[in-house]
1. Residue check: is residue B:282 open to solvent by less than 10 Å² (accessible area, probe 1.4 Å) and under 25 Å from the mean Cα position of the chain (by Cα)?
2. Could you list, in sequence order, all residues of segment B:31-51 that are touching a residue at least 40 places away in the same chain (Cβ under 8 Å), more than 20 Å from residue B:88 (Cβ to Cβ) and of a type outside the set (S, T, N, Q)?
3. Using beta carbons and a limit of 6 Å, which pairs, at least six apart or on different chains, have the first residue in segment B:556-567 and within 14 Å of chain A (Cβ to nearest Cβ) and the second one part of a strand (DSSP E or B) and buried (at least 17 other Cβ atoms within 10 Å of the Cβ)?
4. Considering only residues that are open to solvent by 10 Å² or more (accessible area, probe 1.4 Å) and either hydroxyl-bearing (Ser, Thr, Tyr) or away from chain A (no Cβ under 14 Å) (or both), which ones fall in segment B:1028-1042?
5. Kindly establish whether residue B:1065 is modelled with pLDDT of 90 or more and part of a loop (DSSP other than H, G, I, E, B).
6. Step by step: first the residues of segment A:158-187, then only those that are within 14 Å of chain B (Cβ to nearest Cβ) and farther than 16 Å from residue A:122 by Cβ, then the one that is most open to solvent (accessible area, probe 1.4 Å). Which residue is that?
7. Within segment B:793-807, identify whether any single residue is open to solvent by 20 Å² or more (accessible area, probe 1.4 Å) and within 14 Å of chain A (Cβ to nearest Cβ), and answer yes or no.
8. Need a quick list: helices (runs of 4 or more DSSP H) entirely within segment A:336-399 having at least 2 residues that are β-branched (Val, Ile, Thr) and more than 25 Å from residue A:272 (Cβ to Cβ).
Amino acid sequence: CDKILDVTPKGTYTTATYWRNQSDAVNGVTGIYNVLLEEDFTGHAEFTFDDPSDDQYRAGDHSEDVAIENLTYDAANAQVRFGWRWKYEMINRANSALMYIPKIQGMDETIKNRCLGEARFLRAFAYWRLLLIYGEAPVVTEEDVAASNYVKPKVSADSLRGIIQSDLLAAADLLPAKYEGSDRGRASKGSAWGLLCKLYMYWDKLDQALIYGEKVLNSGNYNLAATYVANFTPETSNNDEMLFAVQTSDTWGYSDFTTYYTPREWNGWNFHQPLQSLVDEFEAGDVRKAVSIMSPGDKINIGSSIATYSADMSETGYHFHKFSYWKPNGGLNYSLKTPLLRTADIALLVAEAKIRTQGVGAGDNEINMVRKRTGLKDVSGAGMAAVIHERRCELSGENERHQDLMRWDKAGLIDITTYYNKPKYGKGGNVLVPARTFIRPKHYYFPLPQSEIDRSNGVLIQNENYK
Amino acid sequence: YILVFFYTFSLSLFAKSTEGQDIKEVKINLVASKMKLETVLERIQQITPFRFVYNSSQIKATGPVSINASNTSVEKVLQQLLEPNELNFEQNKTQIIITRKFEASRFDLTLAGAIPAAVADTSITVRGKVKDDKGQPLIGVTVSVKGKNRGIATDANGNFVLRADHTDSLVFKTIGFASVTVSATGNLDNIVLLPATTSLTDVVVVGYGVQTRRDLTGAISTVKGADIKNLPVSDAAQAIQGRVAGVDIVRSDGSPGTTPSIRIRGTGTINNAEPLIIIDGVPAPNLSGLSDINNNDIASMEVLKDASSSAIYGTRAANGVIIITTKKGSYNEKLNTNVNIYRGVSNVARYIPLLTAPDLVKLKQERYTNDGLSIPAFWQDPYYAVQRTDWQKALFNTGHVTNADVSIKGGSTSSNYLFSMGYYDEKGLVTNTYFKRYTVRINSEHRINSRLKVGENLQLTARKGNTLDTYSSQTGLIFSALRFNPAIPVKDDMGNYGSAQANNELGDINNPVYTAETTDAWTKNYRILANAFAEIEIIRDLKLRLNYAFDGTMSNAFSFLPKTLTQVRTRDDAELTQSNTSTGTHLGEAFLSYNKTIAKDHQLSLTGGISYQKYSGSYYSAQRNGFDDESPYVLVLDNGSIVYNAAGNYYATNILASGFARGFYSYKGKYLLTATMRADGSSRFAEGNRWGYFPAVSVGWRISDENFFKDNVHFMNNLKVTGGWGVLGNQNVTEFQYLATIIKNRKYNFGDQPFTGIWNSSLANPNITWEKAHMTNVSAELGFLNNALNATISYFDKNTIDMLVPAAKPDLHGTSVVPDENIGKLNNHGWEFEVSYQGGKKAFTYNIAANATVIKNKVTQLYAANTYISSSNYGRQNQEISRTYEGQPIASFYGWKTAGIYQNQAQIDGDPYIAKDGRKDNIKPGDVRFVDVNGDGAITEADRVYLGDPNPRLQYGLQAGASYKGFDLSLSFTGVAGVKLYNADKMQGLDPTYSYNYYAEELQRWHGEGTSNSVPRMTLSDNNGNYRTSDRFIESGNYFTLRNAALGYTIPSRLWGSKSSTNIRVYLAGQNIFVVTNYSGLNPALGYTDGNKQRGVDVATYPQARSFTAGASMNF
């Protein structure tokens, strides 16, 4: 009698009927990358965690960002919750790939290794973001997926670092050095090395950071783009320097990222405006300033015309320029890749590691590698101040500043409270954000989302500082 | 000659019929021995052109009859059959009306005894006409002289003539209407019979058959088509609101054509809790089918509320069943044409007071000053201090509703038919929202021979509708209208739409009038619901019925979004999406029914059969972008320059295979027993978990038929108590949850080439199976004053077990859907009261009906103690509002309690609630004082508590009707009490951290000690969380409304000539005429915003319109 009730799902795969061959594996891995386009992940939300920094004013009209910027956020803050599940979605998609791809018969070994390497890299990337934001978070393993075990306690920051490290080391072994043509944009060996370098910097393992950073710099596959602007031009943003970038596209694979940074008048939503203090950081003659920042009087090609930027388009008097590009019809060009990791970043981390382990001047080479295309003179005998200055100018708006400041504060190199205890001023000396109090160690991390604490029924424990 | 020969064990019939239509002339052969009278009459009906009209309880009450007639006139045959049983008969064209000789109650008999015999010379000729409450002539009404063996029936125009004494009273009776007694006078031109709200002889449609109300042991309520005729609403659910106890019609949205939710006896599950809809025997796949039917085609709606009545539908019955029966023709019915036309206007009933531009600027400035920040140049710009637009008035227009339908019905000896066509057109309050419907119905039935009957019901519907988004807190139109800056014009002097592009302070919303006027989006739905059946009498009393039905839908959707570069939410390329969906349901059924009365006292009725239903469907859609020319006549996919998207797939196929049986037994009509069993197998579950068995049993006792009652209780005519218990199922859950499905969809680019991605869209639960509901029902049915006053009282208790709830998991599984698990339990119990009275004399008659339902809902088991089911978060701040906790009603509100506003720093310093709160330094006078429920000296998440129940504790309805000399009036009131609403829109509308306009109530904000204890201070950084979910936004949702009212006048038919059967009624009607409520939002009747997990949360959805219509209903 049961036979007449048998229905095969038509048009829908199940885990039992999928993962048969190479193309299934490749599609499965593409699915992991997809998460990067999400507005609540790298499509926007991740970048709001830089709002406390002294580089930018949150602007926009999201009041949850006010608390992030003011350092008054609590566990119920919407921004703390938005991105959480997307990071775990990425981890789960990667877990699926890692569970099923090894069982696929008859796959090209190179492709199989690449797929497994990409899955491990992307899983590491998701944990990396969890680590930076929350410090401690639960880990979901392949075994958990098999057992549908999704109520888990958090693990320590060191355990998270260990997991990221092992995934990245494995990924570095599995991934190819370089991609061409229609594979550009996939994670490469260089992506894994670069993220390893960064992980060790944040882990205070400077020697290790140096090793993997230098692998990136010395491989020849990840050289800096000839010009700074090449990184922020749709046609050239997929270059060797982009160790890892969101492959946004105007037709397939759209992300809101660009919209958030662009002035309202020019079809954007006006978030994250650069502050005067950041603008002042650029040395005279630094070509990065005009590429990165729209300043009053700048002539901007907004696709349909050449328009003049004016201070009244912004609260601070400025907008970021590096993420905005227009099509001839006046619409935003979404083919500009969102940078997540660049060789220039790694070069400056290597410089920092050298200076901190070998003393001033040890990082001159790497700093000058970055300065070469800026129209500025080389530095010599550079110390931490030069690295701090260079990172601020090179990586403005790229979600590094707040994390850099906290890393340096933890290492005793700076006193972060002095950066944050003054108001953020807008144009005409307007107070946009009052002076803030950075509390150590509380503000090093954000609280775990309250909804997750609630639903775990006592298994997931809140960060000590937010209890 | 028509020759029909029929022979069974004890009965043989032979009819010889002439062309004549006189019972004296038509001769038949008829042999019967100890047969039920009803059966014999049915035989005569089959072999002659005549049709009997009688009260079946009277006929049933007679003993078995025997006859042996050969070539005898029908008149003679009837004399032999009826006179010994004290029954009269009278021919009226093809009808033969059978009445009891002494049609009188106990009271009448007493009176009759006191009145001396009538004197012959005072007799007069009484002429008259009988109509229903809508002015339609009533055919075949028995008009009898009280206390005398004399009577006649009304003709096809409702007319009658009879001799009576001027001291006599005339009694008018017909099935389904309340009888009326009037004194005999010469002219009784305006006798109006009102539909009986509870008539014991009414035939009630039950699953796979019919039963008289007298014999029911289950809880079934009936709404007659006449009660909802010409109501200006698009579906039957809206029409029955407030008319049936235990039925809650929940309109989440007042946009045209949106079908409401229906909750029968409470919300029975966290999952889909909609009842099963059966249209002429065919189970519809979902509720939206309700708006495919022209209400004027409905003959009756039966609501099956308890386990006993609905268990025959097994796995789909846990949420109740609504059986819709459409109108049909009758055999030997003269052709009758009915035309209904109405048209009306509608408008929005209330607006929310908002700040004007100058006040808004003042408060925005105050916001910065309070925070010690500089006032931005923007809020010093005098342009924004000038009031230009009331956005609510700009968005809401006058709506229109138009209906025109015509139906033709009639029948011959062997066939009957009904054909109808209808047109319904509703234009909503918001520009470009509308609903248009064209319907065609063909119902017919044919007697092939005395043993075989075939028929069909065919329903064709085409509808087109456009609803715009009114739910989103990003783009919702009403949300936008309540927030768009009032200094911005709808259009500027150049004719360009006003925009919020100028500054972040205006928020990221588009001009709602722009959106409404420029969005060209519609869906066209086509549906064919065809049902063919054959009924064969295998042997005497045993019938086999075969049904085959096909229910097919096709829908076409079109959505054009223009290129938008002048609004905040831009679209740099115009987008056109066209999509197509088709679904089909095949139903095959075969069932036997056996009806037999044994030894006079034992009535037995058995039904049993099998059913197979399969649902399948598919969809596809395509999108192109880039239209250089946006003129409406060139908007086709061909003209788009970029192929953007193309998608399509199958819907999950469902199969349901079933066997069912029901037995009914009655002893002397006093002791009643119904037992039902259904076995259902569903493809939604994995092998081993597919079959469910649903038994039910109920008993009834007609106490009023007992001698001790008859002898001792004189004030009551009817008393019946019934009780029943049964198990029902709910399979309305997502398919394939026993498998982990994979989505293959969005593309990601490598090297700017698109690559397809796949991912798990759901996790698997191989053990998933049915939800079940155990339901107990106890009812008492009471009749007083010769059944003019009727009441029903019911108690029910419904326990849902194995309720499918999403596994309580944090988001560590990512975004894939967590499969449900059968672990929940839920209880609904309550009381229902229905009372009706029909009264009036002569020309003035009236009726009143009232009903009330008291329901208590509680989730009795979830995952573990203190666990809950969460619901979707609301608004820009993604706030949690509703949680379903074990031990609480479903979808209860959850948040913080408050205790006013801190007036000064000393209060903050000394407040034990925040003595240890780390945020204390950030709390300022003018902030909300939250209650530290757990007493730990800090306001934390642990202080959140239950804040209220959105499910109405009491719902009630009141209907009144009256008619006088051609005028008729009907009123229907509905109301709810004991309900809480969460005004989420106000929570955003007052929150000063938002960059929008605010509610006018913001003027009452705290701005110095003693200035306010309810609205906190203006601030940009809400460090205290003043606008977190709290009891500040809980409001009472009690309301009382005049849902509809109609005043009609029937034009005296003599104006159309004495022979004419023309009958015209004209009327004025209103819908949602007034609402009495303390609720401050647009509309107190709020519905669901996240399945059953969230209810009563005001997200500024489409308000219900108040409408006024004028119409005419014509019969020819």
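The values are calculated or read from the model by the stated rules, or taken from the named source; none is laboratory data. Since we're looking at a predicted model, the values are computed, not measured. Ideal geometry is used to build each Cβ from the backbone, glycine not excepted, and the neighbour counts take in all protein chains shown. Side chains included, ligands, DNA and RNA excluded: accessible areas come from the protein's heavy atoms. Shrake-Rupley method; radii C 1.70, N 1.55, O 1.52, S 1.80 Å.
1. Yes; evaluated as a whole, the condition is true for this residue.
2. Within segment B:31-51, B:43, B:47, B:49 qualify.
3. Short answer, once both residue conditions are applied: B:561/B:575.
4. B:1031, B:1032, B:1034, B:1035, B:1036, B:1038, B:1039, B:1040, B:1042, listed by residue number.
5. no
6. That would be A:180.
7. Yes, there is a match, as at least one residue in segment B:793-807 is open to solvent by 20 Å² or more (accessible area, probe 1.4 Å) and within 14 Å of chain A (Cβ to nearest Cβ).
8. Ranges flagged: A:343-358.
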